[in-house]
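Asks: Below is one structure. I have some questions about it.
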Amino acid sequence: MSLKAIEFNQVCKQYSQSGDFVVDHVNLSINEGEFITILGSSGSGKTTLLKMINRLYEPSEGTINLFGEDIATIDPVKVRRKIGYVIQQVGLFPHMTIAQNIATVPKLLKWPQPKIKERVDELLNLVGLDPKEFKNRYPSQLSGGQQQRIGLARALAIDPKIMLLDEPFGAIDAITRLHLQDELMRLHGGLKKTFLFVTHDINEAFKLGTRVMIMNNGKVSQFDTPQSIVKNPADSFVSSLMRSSREQERFWEGLD
Amino acid sequence: MWKQLSDYFVHNHDDFINSLGEHIVISFVALVFSALIGIAGGYLCVKHKQYDKWIISIFQVLRIVPSLAIILLLIPIMGTGVEPALIALVLLAIPPILMNTVAGIEGVSSSMLEAAYGVGMSDRQVWWKIKFPLAAPLILTGVKTAAIEVIASATLAAKIGAGGLGGIIFTGLGLNRMDLLLVGGISVAVLSIAAGLSLDLTDRYLFKYKMVRK
């Protein structure tokens, strides 16, 4: 029986003005070590769901537990330091070098200097960039793919047990994207961490996820392994999603 | 003319250095005060959105009032001397610094802030490690604008007995002596340019990350 890393109990998020539900009574539990991909169109609530986990958003109702602990009772800063967070815009700090960017949280936690240095080198190697070459550069000197690798390294700096990734490869070209996906899978395999990965790309979601969560209008339509979703789509939304993906495949075959 | 100018420096060397010193000191002190007030004011404007329109418009109005008028208006209240001159210069220099501080802080993109909070920075850490450092280049630009304005306007301080290079100019006007006007005017111009250049160099030194290329 593996540990429950994340649990949602009746979690809702309502827009304060219109009262519409962005996230509508969601219940789910995620085991430690899973790679969950969250798939949905824009406005489906997938990003909102993700950001409630590190308390960038607060749920209007319901509770979220991390390893059995209700996060509403923990200082948001502490919650976030236990969670790695990667966003599509990367958000590297332009006034800091690559090494300083990666060392952001270790420095906040006042790690000793040699330990920070060692960790930075280790992380750069982990994301496949040569420490000697990249350490002292500034973010603006890196390509988009390299920047996102640094974003990943920064999120992994203090070895969080949970990683939240909000469309991290959304702005990256197709070839680099494939490389990064493979590398992310390799990272996940080696690190034994729980990954939550938001995407609107169905191929990406089914390739990466050990389980895929499909969201539509604030509700979870289906949350299962890729194989079972393909075999038994839970509702018409999921089946239409499958159909659209198949149609695209046929289009490519037609060109062949 | 050259002879007149060189004679001036031979005979009034000490006077000139004295005036130049006064000019630099009064400008520098005014700039330091206005930077402190301007940056603090800018911070307050961003932090308390409800006041920012008030604070900014008050300083905008003050900026429209000519410095000479402020100096003269302050005479009945503060008399003459260095203090009223300083106040007039500070009031003149605050708006560019204040407004650039506001623009600099508000210009920090929301994704940058999300990343900062996302890695687990507290509000205070976000201010000191992200917002201020990223606003700093724009704040420095404001300081540069202010410095040039202050150095030029400090000339007027001589009108109320605060000394400075303005003294030489006003004497030149009174005696109709072209050499004095030139000495005073050119010195002020050179001082402004030097201040601008040194702040440019500071900018390049402090914000190297803006200059790097792929």
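The values are calculated or read from the model by the stated rules, or taken from the named source; none is laboratory data. Predicted model only: the values in this text are computed from it and were never measured. For neighbour counting, all protein chains shown are included, and Cβ atoms are generated from backbone atoms with ideal geometry for every residue, glycine included. Just the protein is used for accessible areas: all its heavy atoms, side chains included, with ligands, DNA and RNA removed. Shrake-Rupley method; radii C 1.70, N 1.55, O 1.52, S 1.80 Å.
Asks: For the subset of the range B:198-210 comprising residues that are hydrophobic (A, V, I, L, M, F, W, C) and within 14 Å of chain A (Cβ to nearest Cβ), which member is surrounded by the fewest Cβ atoms within 10 Å (Cβ to Cβ)? Explain how you work it out, then say what you get.
Replies: Our first condition is that a residue be hydrophobic (A, V, I, L, M, F, W, C); within the range B:198-210, this holds for B:199, B:201, B:206-207.
Checking which are within 14 Å of chain A (Cβ to nearest Cβ) leaves us with B:206-207.
On the way: B:Leu206: 14, B:Phe207: 16.
Filtering the range B:198-210 for residues that are hydrophobic (A, V, I, L, M, F, W, C) and within 14 Å of chain A (Cβ to nearest Cβ), the one surrounded by the fewest Cβ atoms within 10 Å (Cβ to Cβ) comes out as B:Leu206.
Asks: Moving to a separate point now. Given the conditions (1) touching a helix residue (DSSP H, G or I) at 6+ places or on another chain (Cβ under 9 Å); (2) open to solvent by less than 40 Å² (accessible area, probe 1.4 Å), and given that B:Gly21 satisfies all but one, which numbered condition is not satisfied?
Replies: (1)
For (1) open to solvent by 40 Å² or more (accessible area, probe 1.4 Å); (2) of a type outside the set (A, V, I, L, M); (3) in contact with a Phe, Trp or Tyr (Cβ under 6 Å, 6 or more places away or on another chain), each residue gets a yes or a no:
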position	(1), (2), (3)
A:Gln17	yes, yes, no
A:Phe21	yes, yes, no
A:Val26	no, no, yes
A:Ile30	no, no, no
A:Gly33	no, yes, no
A:Tyr57	yes, yes, no
A:Glu61	yes, yes, no
A:Lys78	yes, yes, no
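Asks: Give me the pairs: first residue in the range A:188-206 and part of a loop (DSSP other than H, G, I, E, B), second residue surrounded by fewer than 19 Cβ atoms within 10 Å (Cβ to Cβ), beta-carbon distance under 7 Å, and six or more apart or on different chains, which are they?
Replies: Listed pairs, sorted by first residue: A:Lys192/A:Gly33; A:Lys193/A:Lys161; A:His200/A:Ser41; A:His200/A:Ser42.
Asks: Shifting gears a bit: Can we say A:Thr225 is surrounded by fewer than 21 Cβ atoms within 10 Å (Cβ to Cβ), under 22 Å from A:Pro168 (Cα atoms) and within 15 Å of the chain's Cα centre (by Cα)?
Replies: Criteria not met by A:Thr225.
Asks: Applying the selection to the range B:107-132, what residues are of a type in the set (S, T, N, Q) and either closer than 19 Å to A:Gln100 by Cα or at the interface with chain A (Cβ under 7 Å from one of its Cβ atoms) (or both)?
Replies: The answer is B:Ser111, B:Ser122, B:Gln125.
Asks: Those residues that are of a type in the set (Val, Ile, Thr), in a loop (DSSP other than H, G, I, E, B) and surrounded by fewer than 19 Cβ atoms within 10 Å (Cβ to Cβ), I need them from the range B:95-132; list them, please.
Replies: Across the range B:95-132, the qualifying residue is only B:Val108.
Asks: Out of B:Ala135, B:Ala157, B:Ala195, report the one residue that is assigned to a helix (DSSP H, G or I), touching a helix residue (DSSP H, G or I) at 6+ places or on another chain (Cβ under 6 Å), away from every other protein chain (no Cβ under 14 Å) and surrounded by 22 or more Cβ atoms within 10 Å (Cβ to Cβ).
Replies: B:Ala157 is the lone residue from the list that is assigned to a helix (DSSP H, G or I), touching a helix residue (DSSP H, G or I) at 6+ places or on another chain (Cβ under 6 Å), away from every other protein chain (no Cβ under 14 Å) and surrounded by 22 or more Cβ atoms within 10 Å (Cβ to Cβ).
Asks: Just name the residue that is nearest to A:Leu28 (Cα to Cα) out of those in the range A:51-91 that are out of contact with any Asp or Glu (no Cβ under 6 Å at 6 or more places or on another chain), more than 13 Å from chain B (Cβ to nearest Cβ) and polar (S, T, N, Q).
Replies: If we take residues in the range A:51-91 being out of contact with any Asp or Glu (no Cβ under 6 Å at 6 or more places or on another chain), more than 13 Å from chain B (Cβ to nearest Cβ) and polar (S, T, N, Q), then A:Ser60 is nearest to A:Leu28 (Cα to Cα).
Asks: All but one of (1) buried (at least 19 other Cβ atoms within 10 Å of the Cβ); (2) at pLDDT below 95; (3) not in a loop (DSSP other than H, G, I, E, B) hold for A:Ser44; which doesn't?
Replies: Unmet for A:Ser44, out of (1) buried (at least 19 other Cβ atoms within 10 Å of the Cβ); (2) at pLDDT below 95; (3) not in a loop (DSSP other than H, G, I, E, B): (3).
Asks: Looking only at the range A:195-202, decide whether some residue is open to solvent by less than 10 Å² (accessible area, probe 1.4 Å), of a type in the set (A, V, I, L, M, F, W, C) and away from every other protein chain (no Cβ under 14 Å).
Replies: yes
Asks: Can I ask one more? A:Val220: at pLDDT 95 or above and either within 20 Å of A:Ser41 (Cα to Cα) or surrounded by fewer than 19 Cβ atoms within 10 Å (Cβ to Cβ) (or both), yes or no?
Replies: When the stated conditions are applied, A:Val220 does not pass them.
Asks: Does A:Ser239 meet the test of being surrounded by fewer than 17 Cβ atoms within 10 Å (Cβ to Cβ), in contact with a Pro (Cβ under 7 Å, 6 or more places away or on another chain) and more than 23 Å from A:Lys13 (Cβ to Cβ)?
Replies: yes
Asks: Tally up the residues in the range B:44-91 that are open to solvent by less than 30 Å² (accessible area, probe 1.4 Å), under 16 Å from B:Ala30 (Cβ atoms) and in a helix (DSSP H, G or I), please.
Replies: Qualifying residue count for the region: 9.
Asks: Same structure again: Do we find that A:Glu204 is among the acidic types (Asp, Glu), on the phi < 0 side of the Ramachandran plot and not assigned by TED's automatic domain parsing to the domain that holds A:Asn65 in this structure?
Replies: Considered against the rule, which asks whether it is among the acidic types (Asp, Glu), on the phi < 0 side of the Ramachandran plot and not assigned by TED's automatic domain parsing to the domain that holds A:Asn65, A:Glu204 comes out as no.
Asks: Something else: Which one is surrounded by the fewest Cβ atoms within 10 Å (Cβ to Cβ), of the residues in the range A:137-187 that are more than 10 Å from chain B (Cβ to nearest Cβ) and polar (S, T, N, Q)?
Replies: A:Thr176
Asks: Residues to consider are B:Val190, B:Val183; find the one that is open to solvent by less than 20 Å² (accessible area, probe 1.4 Å) and either among the hydrophobic types (A, V, I, L, M, F, W, C) or within 30 Å of A:Lys82 (Cβ to Cβ) (or both).
Replies: Residue meeting the stated conditions: B:Val183.
Asks: Which of (1) open to solvent by 20 Å² or more (accessible area, probe 1.4 Å); (2) assigned by TED's automatic domain parsing to the domain that holds A:Gln146; (3) within 23 Å of B:Trp127 (Cβ to Cβ) is the odd one out, the single condition A:Pro114 does not satisfy?
Replies: The one condition A:Pro114 does not meet is (3).
Asks: Related question: Which condition number does A:Leu126 fail, the rest of (1) of a type outside the set (D, E, K, R); (2) within 14 Å of chain B (Cβ to nearest Cβ); (3) under 26 Å from A:Leu66 (Cβ atoms) being met?
Replies: Result: A:Leu126 fails condition (2) only.
Asks: What is the number of the single condition among (1) surrounded by fewer than 21 Cβ atoms within 10 Å (Cβ to Cβ); (2) without any contact (Cβ under 8 Å) to a residue 60 or more places away in the chain; (3) within 14 Å of chain A (Cβ to nearest Cβ); (4) part of a helix (DSSP H, G or I) that B:Ile148 does not meet?
Replies: Unmet condition: (3).
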